[in-house]
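Contents: one structure, followed by commentary.
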Amino acid sequence: MGLKSIRDKIDAIDSKILKLLNARMEQAIIARKYKDQVMDSNREKEILERIESDTGELISPAFCQKLFKDIMSESRKLQEKNYDIIAFQGEHGAYSEMAAKAWNKELISIPCSSFADVFNGVENGRFEYGIVPVDNTLGGIVGEVNNNLMHTHLHIVGAIENPVEHCLLTLPGTNHRDIKKVYSHSQALSQCKNFLERNDLEPVPYYDTAGAAKMLSEERPEGVAVIASKFAAVLYNLEIIKSNIEDSRANKTRFVVLSKNKIEKGGEKCSIIFTTEHKAGTLFKVLEIFAKANINLTRIESMPKQLLNYAFFLDFLGSDKDEKIQKVLKEVEEHTTDLKFLGCYNERKVA
Amino acid sequence: MSKDLRLISKEKEKKTIIKIADLKIGEDFIVIAGPCAVENERQTIETAIAVKEAGANMLRGGAFKPRTSPYAFQGLGLKGLKILEKAKQETGLPIVTEVIDSRDVSWISEYADVLQIGARNMQNFSLLKEVGKTDKPVLLKRGMYSTLKEWLSCAEYILSEGNPNVILCERGIRTFETYTRNTLDLSMVPAVKECTHLPVLVDPSHGTGKKSLIGPMSLAAIAAGSDGLIVEVHNNPEVALSDKEQQFNPAEFKAYMEKVLKLSEIMKQL
């Protein structure tokens, strides 16, 4: 083994240390939400004691003490800033995180393993915001998210439409002829179906696009590529073999941002969910109210709430501060069995 | 022509016109120019901008190179394709690049607008079948020891796999002459037109191997009825990693193009 390959290993370890440090700082920022004040000397003492007993053969206790004192001092500095957090599903580098950054780059984005964790975390105050994908031009509606929207008490405070540009990523230096399998989220695999077929690549579903990138960079399996964002390529030090591999260039995902508090000043768009009685023409009656008031609908979707009982998702242009809209909503309430106002917000489109 | 050439023969169809972006090969006179090999991003993009300004319609550049010696520069591979893609984004010029291995056909198709089969691979039948399965136009060069019929049979292979878009390219053959790298056989231009409905280009760079002869032979090719030219241009030929003696620099190419475009205009009136 030459010096070069040893240094490659050191680089890989350094990159892991940095990612772990980042993850530790993230937990510190979340922990702040549960603490009355930043400084907690008992907890710090406890950590230092444990570190001392855990120290390995090579590294001295004194070095570890010094290192962890520095780490904890940095954590305190971050905690003092009292950052607002936006939670997203997936690993760092996920498309949801890119959308979160595009929506508000001041927020700290924290990964969650499931959509339910995003919803629950915002509901119990661990995160200020959550960002979730609602639908995609190629893949259709994201069922789990829409199902959560039906039952949540959270408000939609923003929306963003982000273009999805899939890249084929490999470990640096991989020969394209050796690529046999491609790991990614099933949505991403289906959005690049023609590309995979054309190049005779076997799709392998994985829980997350960025998660697949992370797995590739850590486990370094042979003959494997992943589909993820450009952002993930940088984050996990992977090479972009080909960008824009999606079958349709019109590939966009619409995300909504959730919060416990609604926006006081309102916005340009509203989202509601309702159910109607099981009678002829009930849905038509509701839609007719919007048509007569000349309100433009931007989304209409139905999902089963229970068997044979559908919830209708409706987005329309207008502000809930507007009297016309308030009147319409009152009228809609009379014609529905269950009406939920998800929020009034502004929507942005990223080119 | 024999039954073996049933798909490319003139009797089968009037004239094949191949559309690439807003170009119509077989109808418009086209010039494909660029470096022999993609060496780096700067060299390729600078050359691409220069040939575009001089009036070229497409960019050529080898990423996978078939070299006589295994120790010579073999090309940048996929990295070279990514550079060509960038050059296309910068200039809008469609990309022509060579395929030397059937395993690469699908990959190169992801980046290229035209797949080139080089003279050395003209009779690589598995490669011909593979490009015949794609929907990309194929530039089929004449092998250096091939007769017209052998060459046309190779075009027939591509068409028989379902790809109708073949562009033939005369690039010179081996003769006893040593002054030139190859002997450019311009009689093939009207001969191809007599026998087939396919467009035909001429490559005077490989056809002569000498910069001083490229201009006159290009004008002769236009006069012979060629549908276009494919010419090697390098932003700095002195440091080129391959084919130094036959690559124009941008200024030489500009002066060359003025004559070429003038004659091609006159040809339209004939």
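Taken together, the values in this text are just the output of simple stated rules run on the coordinates, not laboratory data. As the structure is a prediction and not an experimental result, all values here were calculated from the model. Backbone-built Cβ (ideal geometry, glycine too); neighbour counts: all protein chains shown.
Assorted remarks:
- Residues B:Thr97, B:Thr147, A:Thr55 arranged by fewest to most Cβ contacts within 10 Å: B:Thr147, A:Thr55, B:Thr97
- Of the residues B:Cys169, A:Cys64, the one with the fewest other Cβ atoms within 10 Å heads the list, and the complete ranking is A:Cys64, B:Cys169.
- Low-density loop positions, trypsin sites (Lys or Arg not before Pro), segment A:109-206 - DSSP coil, at most 16 other Cβ in 10 Å: A:Lys180
- Cα-based helix-to-principal-axis angle, A:61-80 vs chain A, degrees rounded to 10: 20
- Over chain B, Cα pairs under 8 Å with separation of 6+ residues give a relative contact order of 20 percent.
- From helices alone, chain B scores -11500 deg cm²/dmol at 222 nm; the rule is -39500 (n - 2.57) for each run of n ≥ 4 DSSP H residues, then divide by the residue total.
- Segment B:10-103 shape via C-alpha gyration tensor axes, a/c threshold 1.5: oblate
- Between 0 and 90 degrees, the angle of helix A:41-54 with respect to the longest Cα principal axis of chain A falls at about 50 degrees.
- Under 16 Å from A:Lys285, Cα to Cα: lysines that are on another chain or at least 8 residues apart: A:Lys327, A:Lys330
- Once backbone amide H atoms are built at 1.01 Å from N, A:Arg299 has A:Asp315 as its partners under 5 Å, excluding neighbours fewer than 5 places away on the same chain.
- Over 31 Å (Cα to Cα) - which of A:Lys16/B:Lys82; A:Lys45/A:Lys262; A:Lys9/A:Lys349; B:Lys24/B:Lys133; A:Lys180/A:Lys252 fall in this group: A:Lys45/A:Lys262; A:Lys9/A:Lys349
- Expressed as a fraction of 2.2 N^0.38 Å, the C-alpha radius of gyration for segment B:3-264 is 0.91.
- Value of [θ]222 nm, deg cm²/dmol, for chain A, DSSP H segments ≥ 4, -39500 (n - 2.57) each, nearest 500: -12500 deg cm²/dmol
- Applying both filters, DSSP loop and at most 10 other Cβ atoms within 10 Å, to the chymotrypsin sites (Phe, Trp or Tyr not before Pro) of segment B:1-85 gives B:Tyr71.
- Qualifying GluC sites (Glu not before Pro) for segment A:267-325 [loop in DSSP, other Cβ within 10 Å: at most 16]: A:Glu268, A:Glu277
- Cα gyration tensor shape of chain A, rounded if a/c is under 1.5, else prolate or oblate by comparing a/b with b/c: oblate
- Selected from B:Lys149, B:Lys14, B:Lys259 as most flexible by GNM, with chain B as the system and alpha-carbon contacts under 10 Å: B:Lys14
- Spatially proximal aspartates and glutamates relative to B:Lys262 (Cα-Cα < 18 Å; intrachain offsets below 8 disregarded): B:Glu27, B:Asp28, B:Glu53, B:Asp227, B:Glu252
- Candidates A:Asn175, A:Asn244, A:Asn147: whichever shows maximal mean-square fluctuation once chain A is modelled as a Gaussian network with Cα springs under 10 Å: A:Asn175
- Shape category assigned to segment A:167-247 from the gyration tensor of Cα positions, a/c cut at 1.5: rounded
- Gaussian network model of chain B, Cα within-10 Å springs - most flexible of B:Ile20, B:Ile230, B:Ile158: B:Ile20
- Aspartates and glutamates whose Cα lies under 15 Å from that of A:Lys105, excluding same-chain neighbours fewer than 8 positions away: A:Asp84, A:Glu97, A:Glu128
- Each residue of segment B:66-79 is assigned a 3J(HN,Hα), and the resulting list reads x, 10, 4, 9, x, 9, 7, 4, 9, x, 8, x, 4, 4 Hz, derived from the Karplus form 6.51 cos²θ - 1.76 cosθ + 1.60 (θ = phi - 60°), x at Gly and Pro.
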